[in-house]
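To keep things clear, I will list the structure first and then write my remarks on it.
The values are calculated or read from the model by the stated rules, or taken from the named source; none is laboratory data. Computed from a prediction, not measured in an experiment: that's the story for all the values here. Cβ sites come from the backbone with ideal geometry, for glycine too, and all protein chains shown count toward neighbours. Quick note on the areas: whole protein, heavy atoms, side chains included, nothing else; ligands and nucleic acids left out. Shrake-Rupley method; radii C 1.70, N 1.55, O 1.52, S 1.80 Å.
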Amino acid sequence: MPPPGFDVDERLAALLDHLQEIGALTDERWRAAFAEVPRHLFLPDPIWADDGARDDGWMVPVGRQDPYWWENAYADFALPTQVDDGAPAGADGRGRYTTSSASQPSLVALMLEALQVEDGMRVLEIGTATGYNAALLSARLGAENVTTIEVDPHLAEQGRAALADAGFKPTVVCGDGALDVPGAAPFDRVLATVAAKRIPYAWVEQTRPGGLVVTPWGNDYAATVLLRLEVGQDGTASGRPIGEAPFMWLREQRSAKGAWSDHVDFDAPVRRSATQVDPQVLAEPCGGAEFAVGAMVPHLAKALFHARDGSGEYTLWLYDTRGSWASVDFVPGAAEYAVEQAGSRHLWDEAETAHRWWEAQGGPGRERFGVSVGPEGHRVWLDEPARPVPTPQGPRTWSHRS
Ligand SMILES: C[S@@+](CC[C@H](N)C(=O)[O-])C[C@H]1O[C@@H](n2cnc3c(N)ncnc32)[C@H](O)[C@@H]1O
């Protein structure tokens with residue numbers, strides 16, 4: 001039961017007004033679907049929240065008896081719904097990593113609209129989790145047209161139960177959504193509510209020619225983008241970034257755990273050099289250079305630290321979680337910046353080479369890039385599929401890298 005004075009209908013309507021105001025919900029048919037699905041019916045008890053008392057990155061459970069649970073059910077926030085794969089890592093019951101969540105409602109709406117569905121279309125959702133998104137799809141298209149797959153058996157069962165309790169009966173499959181759902185294809189649309197570093201070809205194969213695959217896509221270096229790919233007659237899907245989509249990775253494509261400093265051996269022998277490239281250009285969030293470096297340099301992650309002394313100095317750290325790292329110190333007014341590199345790879349040199357290529361193309365923004373996915377893997381291109389970005393393996397090679 002909601003706490004006294006908490007009117008679910010009012011809160012839901014206010015959330016939908018907000019989604020409409022910020023341009024996330026523009027289609028009346030989707031608004032009608034959202035209005036049919038009270039979000040609180042899909043939130044588990046407990047959800048998880050940052051431990052405000054200790055502010056140390058760990059999370060604590062928050063149950064339905066807490067007003068926070070209800071307030072957030074109708075706020076435009078993503079809510080952690082599982083930590084540490086269901087076994088909270090803290091000895092005191094606290095959780096370290098979010099392993100499932102109820103996505104942010106505005107992102108849910110943007111992604112559903114990006115699917116460009118028409119009545120009667122069949123949709124496959126990857127990542128059932130709470131079941132909320134599958135309920136929205138069911139409200140819009142009819143549950144008979146919706147299949148959703150979740151890799152975690154406990155979550156799949158929870159999602160299935162929440163859907164049934166709320167009156168929706170889409171097909172809920174427990175399994176690895178990176179693989180085919182046996183006997184279910186073809187679909188008109190595939191929607192991943194989990195991010196991919198390598199887009200599973202199964203998503204393309206299960207979509208009819210002319211159909212769309214909408215998925216968050218990225219790597220550990222650049223901000224994750226939302227890709228909309230159209231499946232061609234030749235079995236290849238191609239498309240461009242259409243926005244931002246910060247999501248957790250597919251379970252089998254997760255990044256190495258820990259902070260950047262866990263992956264940097266400060267005692268390793270260091271090679272010193274200097275660069276004239278402003279490291280911030282390479283790291284500018286959501287910029288074209290960041291996108292190009294992330295796409296071109298395999299296994300790369302970054303961390304950027306600004307000095308707090310007002311000097312304007314900062315350090316960019318690059319690392320690959322396999323023993324190689326680099327750091328570049330930016331000092332305002334300096335003619336060049338100190339570089340340190342360690343490990344078997346020369347990560348700064350690799351990043352600078354990618355940056356040089358990007359500059360030579362005229363410094364294109366992220367929106368000029370695109371991605372094609374075929375049975376061989378994925379390929380990133382500039383302006384058109386016939387212009388692949390070079391990779392360490394060569395300009396025309398499909399990449400399976402993580
Ligand atoms: C952000 S949540 C999805 C939110 C969900 N659509 C909702 O409405 O609540 C991502 C989910 O993807 C699931 N997942 C991760 N890897 C998967 C895989 N290979 N196949 C299917 N589900 C996967 C996670 O267990 C997690 O529950």
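Quick notes on this structure:
- Taking the 1.4 Å solvent-accessible surface of segment 260-360 as the whole, the part contributed by carbon and sulfur is 49%.
- Sorting K302, K169, K197, K257 by accessible area puts them as K169, K257, K302, K197; the probe is 1.4 Å, largest comes first, and only protein heavy atoms count.
- Projecting the Cα atoms of A274, V389, A135 onto the charge dipole of the chain (Cβ charges, centred on the Cα centre) puts V389 farthest toward the positive pole.
- Span from the segment 81-101 Cα centroid across to the segment 1-38 one, whole angstrom: 29
- Label point distance in nm, D234-A360, each placed 7 Å from Cα along Cα→Cβ: 2.5
- 0 to 90° range, to nearest 10: angle between helix 8-21 axis and the chain longest Cα axis: 40
- Only beta bridges with both residues in the chain are counted; by DSSP, about 75 percent of them are antiparallel.
- For G211, distant residues with modelled amide H under 5 Å away: V231
- C-alpha center-to-center spacing [segment 323-351, segment 148-225] in angstrom: 39
- Once all protein chains are placed together, E313 keeps about 80 Å² accessible to a 1.4 angstrom probe.
- Taken per residue, the accessible surface of the chain reaches 43 Å², heavy atoms only and a 1.4 Å probe.
- FRET efficiency, A256 to D17 (Cβ-Cβ, R0 35 Å, nearest 0.05): 0.25
- Here the spin labels are modelled as points 7 Å beyond Cα on the Cα-Cβ line, and at A185 and A164 they lie 3.0 nm apart.
- Cut-off under 5 Å, modelled amide H: who pairs with F187 long-range: T207, R208
- Scaling against 2.2 N^0.38 Å puts the C-alpha radius of gyration of the chain at 1.04.
- Rounded to 10°, Cα long-axis angle of helix 105-114 versus longest principal axis of the chain: 90
- P(r) tail fraction, segment 75-146 - alpha-carbon pairs more than 18 Å apart, %: 48
- J(HN,Hα) series, segment 286-293, from Karplus relation 6.51 cos²θ - 1.76 cosθ + 1.60, nearest Hz, glycine and proline x: 6, x, x, 5, 4, 4, 5, 4
- Accessible area in the full protein assembly, largest first, 1.4 Å probe, for R251, R272, R345, R322: R272, R322, R251, R345
- At the residue level, T148 shows approximately 0 square angstrom of accessible surface with a 1.4 angstrom probe and all protein chains present.
- Cα-centred dipole magnitude for the chain, charges only on beta-carbon of K, R (+1) and D, E (-1), debye, nearest 20: 960
- Computed with a 1.4 Å probe on the full set of protein chains, the accessible area for H306 sits at about 110 Å².
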